[in-house]
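**Q** Quick one: the structure is below, questions incoming.
The values are calculated or read from the model by the stated rules, or taken from the named source; none is laboratory data. Keep in mind that what you see is a predicted model, and the values were worked out from it rather than measured. Neighbour counts run over all protein chains shown; Cβ positions are idealised from the backbone, glycine included.
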Amino acid sequence: MLSRRHLRVKVLQSLYAYFQSGNSDMLLGEKQLLLSINKLHELFFWQFSFLIEVTRFAEQRLEENRHKHFPTPDDLNPSMNFVQNKLLSAINDNRDFKRKEDLYKMNWSQEQEMVRKFYQKLREMPDYDQYMKLENPTFAVDKKFIITIIEKIFTDFELLESFYEEKSIYFVDDFHLVSELMLKFLKFLDKDFNEFSKFPGIYRTDNDDINEDLVFVKDLFRKTISHSEEYGELIADYTSNWEQERIAVMDMLILKIALTELVEFNSIPVKVTMNEFIEISKYFSTSRSSIFVNGILDKMIQDFKKEGRIVKTGRGLLDE
């Protein structure tokens, strides 16, 4: 499920916490890293559980409206499109999902006011009104509407973010990242998804004899710590024209991780490493960080290649 970029982000977050805490126990830091990755996967299921809870709340409201003293025609014959959304129904009926709900003890009974406010916000969307007017929407249409909810409401619904903040400190950093995972998952989900379908594991290589993604995460974390002082001094040489105290801590850390990957991971192309960390810097540091990271990395890569410090092996990488 998690792409290499997601894994790099988790390593960045964990290394930041490791160095800021003054911790010197690498194994403890690694344990926290792997836990944070597991928590991101857990939050993925919490978010789908929340959407399903909103459909239950909506169904209850429709039932209450039917029993008004003076129900309107719409009250008596409401659109059931959202309540019977085929995608959410398929996820709710899925055995793997139910096991995750039990494992993580998901329960929204004490959060009905938050659910109500989300439902109210949902109903205010023009997309909701258009969707509810459709006759017999297909699975694809139902999926598109759920994607719209994730894109337009999840990112701005602070009550839910606060709820997760109280639930786990790990959920705080991942609230927005998990929406990206949900969208990625839905992109490839089709109408054949049923109660026996399996949700993707945390790592893309979960089914391999050697979990390459897990090895990648551990090695990147450990080797960055091992080379931190050495690369810190190198970066200082390349930024001598900058006031060191004005260089963002996160920029320095991004450069250290990027250098570790460039030198220690022979099968990852130089361009991939450079592009990945430039993109990551756009979201996890200052507004001008990507320009700074790009410029420093470019100079260092040129010099490292001349010195033979960057050696890439494998088809298509020999000239990198």
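**Q** Return the only residue of K282, K312, K305 being among the charged types (D, E, K, R), touching a Leu at 6+ places or on another chain (Cβ under 9 Å) and surrounded by 12 or more Cβ atoms within 10 Å (Cβ to Cβ).
**A** The unique qualifying residue is K312.
**Q** Based on what the data block shows, is P137 out of contact with any helix residue (DSSP H, G or I) (no Cβ under 6 Å at 6 or more places or on another chain), farther than 28 Å from Y203 by Cα and without any contact (Cβ under 8 Å) to a residue 40 or more places away in the chain? Full working, then the answer.
**A** Working: out of contact with any helix residue (DSSP H, G or I) (no Cβ under 6 Å at 6 or more places or on another chain): yes; farther than 28 Å from Y203 by Cα: yes; without any contact (Cβ under 8 Å) to a residue 40 or more places away in the chain: no.
Here the answer is no, as P137 does not meet what is asked.
**Q** Also, I was wondering about something else. Given the structure, is F82 modelled with pLDDT under 95, of a type in the set (F, W, Y), assigned to a loop (DSSP other than H, G, I, E, B) and over 30 Å from V217 (Cβ atoms)? Explain how you work it out, then say what you get.
**A** Numbers: modelled with pLDDT under 95: no; of a type in the set (F, W, Y): yes; assigned to a loop (DSSP other than H, G, I, E, B): yes; over 30 Å from V217 (Cβ atoms): yes.
No; evaluated as a whole, the condition is false for this residue.
**Q** Among the listed residues S226, S267, identify the single one that is more than 20 Å from the chain's Cα centre (by Cα) and at pLDDT below 95.
**A** Selected residue: S267, the only one of S226, S267 that is more than 20 Å from the chain's Cα centre (by Cα) and at pLDDT below 95.
**Q** Moving to a separate point now. Do we find a residue being loosely packed, with under 13 Cβ neighbours inside 10 Å, closer than 22 Å to K133 by Cβ and touching a Lys or Arg at 6+ places or on another chain (Cβ under 7 Å) anywhere in the range 82-101?
**A** Scanning the range 82-101, I find no residue that is loosely packed, with under 13 Cβ neighbours inside 10 Å, closer than 22 Å to K133 by Cβ and touching a Lys or Arg at 6+ places or on another chain (Cβ under 7 Å), so the answer is no.
**Q** Shifting gears a bit: Looking only at the range 153-173, filter to residues that are modelled with pLDDT under 90 and out of contact with any His (no Cβ under 9 Å at 6 or more places or on another chain); which one of those is surrounded by the fewest Cβ atoms within 10 Å (Cβ to Cβ)?
**A** Among those that are modelled with pLDDT under 90 and out of contact with any His (no Cβ under 9 Å at 6 or more places or on another chain), it is D156.
**Q** Got at least one residue in the range 32-45 being without any contact (Cβ under 8 Å) to a residue 24 or more places away in the chain and exposed (fewer than 15 other Cβ atoms within 10 Å of the Cβ)? Spell out how you get there, then give the answer.
**A** Start the filter on the range 32-45 by keeping residues that are without any contact (Cβ under 8 Å) to a residue 24 or more places away in the chain, which leaves 32.
Filter again for exposed (fewer than 15 other Cβ atoms within 10 Å of the Cβ), leaving none.
There is no residue in the range 32-45 that is without any contact (Cβ under 8 Å) to a residue 24 or more places away in the chain and exposed (fewer than 15 other Cβ atoms within 10 Å of the Cβ).
Residue-by-condition table, conditions (1) within 22 Å of Q13 (Cα to Cα); (2) in the same structural domain as L40 (by TED's automatic domain parsing); (3) assigned to a helix (DSSP H, G or I):
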{"residue": "F97", "(1), (2), (3)": "no, yes, yes"}
{"residue": "E111", "(1), (2), (3)": "no, yes, yes"}
{"residue": "M114", "(1), (2), (3)": "no, yes, yes"}
{"residue": "L134", "(1), (2), (3)": "no, yes, no"}
{"residue": "K143", "(1), (2), (3)": "no, yes, yes"}
{"residue": "D174", "(1), (2), (3)": "yes, yes, yes"}
{"residue": "V178", "(1), (2), (3)": "yes, yes, yes"}
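**Q** Would you be able to tell me the number of residues in the range 66-78 that are assigned to a helix (DSSP H, G or I) and either exposed (fewer than 14 other Cβ atoms within 10 Å of the Cβ) or not assigned by TED's automatic domain parsing to the domain that holds M106 (or both)? Walk me through how you get there before you give the answer.
**A** We begin by selecting, within the range 66-78, every residue assigned to a helix (DSSP H, G or I); these are 66, 73-76.
From what is left, the residues that are either exposed (fewer than 14 other Cβ atoms within 10 Å of the Cβ) or not assigned by TED's automatic domain parsing to the domain that holds M106 (or both) are 66, 73-74, 76.
Number of matching residues: 4.
**Q** For the condition out of contact with any Leu (no Cβ under 9 Å at 6 or more places or on another chain), of a type in the set (A, V, I, L, M, F, W, C) and touching a residue at least 40 places away in the same chain (Cβ under 8 Å), what is the one hit in V293, V263, V270?
**A** Every option except V263 fails the conditions.
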